[in-house]
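A quick write-up on the structure given underneath.
The values are calculated or read from the model by the stated rules, or taken from the named source; none is laboratory data. Remember, predicted model here, so these are calculated numbers, not experimental data. Here the Cβ positions follow ideal geometry from the backbone for every residue, glycine too, while neighbour counts run over all protein chains shown. To get the accessible areas, we keep the full protein, side chains included, count just its heavy atoms, and leave off ligands, DNA and RNA. Shrake-Rupley method; radii C 1.70, N 1.55, O 1.52, S 1.80 Å.
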Amino acid sequence: MRLNQVSLNITRFGREVPKGYPENIMHVKIYADSNDLYAALSKACAKAVNVMEEWERVGARCDITTNADGNVLSDAVCRRYNENYELEYYENRIDMNKKLLGYIENSTAILDVIKSSTKENVRNNLHEKLGYSPEETNNILRINFGMMTAEDIEAIKKETAEMEVKFPKKEN
């Protein structure tokens, strides 16, 4: 069991339910866990945004205060990290870079499917024609392939190789 568990429940009614959503009430339940509190919070929020972006354009602004603000102890709590925090970060970054490079290598096929699709069926087409999961499909649709230069791609490859040397993946 992970040390931190985050659950988000979002319920939207009436005009707040996105157009095209199949029901008149939208219930979204999200769960994320991690040994690092901030990773669990980040994962839960990212998943919530991904779900919402499937149905509508998302943009937000927020101000956050907690009952610990201004308390001397809150500074100490915010600095606590588990021992594997840096390693987890780099392992996740390496995996993300490898997936991105894979998408770039297959960008011609991906773009062909996207160009031949409508907004309503692009996710389904990427899954059926290229075998991508819903999460991979969401990631692909956020990439601006036209902005990727050869230098950008080489920088990603170099960064990944350096991180793999510095933080080799532990075998379980």
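Brief remarks on what is shown
- Close contacts from the stretch 151-163, counting a first residue that is within 13 Å of Met96 (Cα to Cα) and a second that is of a type in the set (Asp, Glu), with Cβ to Cβ under 9 Å and a gap of 6+ residues or different chains, come to Met163/Glu91.
- Residue list for the stretch 43-55, restricted to those being at pLDDT 80 or above and either in contact with a strand residue (DSSP E or B) (Cβ under 8 Å, 6 or more places away or on another chain) or assigned to a loop (DSSP other than H, G, I, E, B) (or both): Lys43, Ala44, Cys45, Lys47, Ala48
- Check on Lys99, under 20 Å from Asn50 (Cβ atoms) and open to solvent by 100 Å² or more (accessible area, probe 1.4 Å): yes
- Where a residue in the stretch 127-148 is closer than 13 Å to Ile114 by Cα and its partner, wherever it lies, is assigned to a loop (DSSP other than H, G, I, E, B) and at pLDDT 80 or above, with Cβ under 7 Å and at least six apart: Ile140/Tyr132
- The criterion of at least 1 residues that are of a type in the set (A, V, I, L, M) and modelled with pLDDT of 90 or more is met, among helices (runs of 4 or more DSSP H) falling completely within the stretch 56-136, by 85-105, 107-115, 122-130.
- Qualifying residue in the stretch 146-154 (condition: among the small types (Gly, Ala, Ser) and under 21 Å from Glu53 (Cβ atoms)): yes
- Remark: Lys29 matches the filter, which requires a residue to be at pLDDT 85 or above, assigned to a strand (DSSP E or B) and open to solvent by 80 Å² or more (accessible area, probe 1.4 Å).
- Tabulated pairs, the stretch 91-117, first over 19 Å from Lys166 (Cβ atoms) and touching a residue at least 60 places away in the same chain (Cβ under 8 Å), second among the basic types (Lys, Arg) and open to solvent by 60 Å² or more (accessible area, probe 1.4 Å), C-beta under 9 angstrom, 6+ apart or interchain: none
- So Val165, is it among the hydrophobic types (A, V, I, L, M, F, W, C), assigned to a helix (DSSP H, G or I), open to solvent by 60 Å² or more (accessible area, probe 1.4 Å) and farther than 18 Å from Glu53 by Cβ: yes
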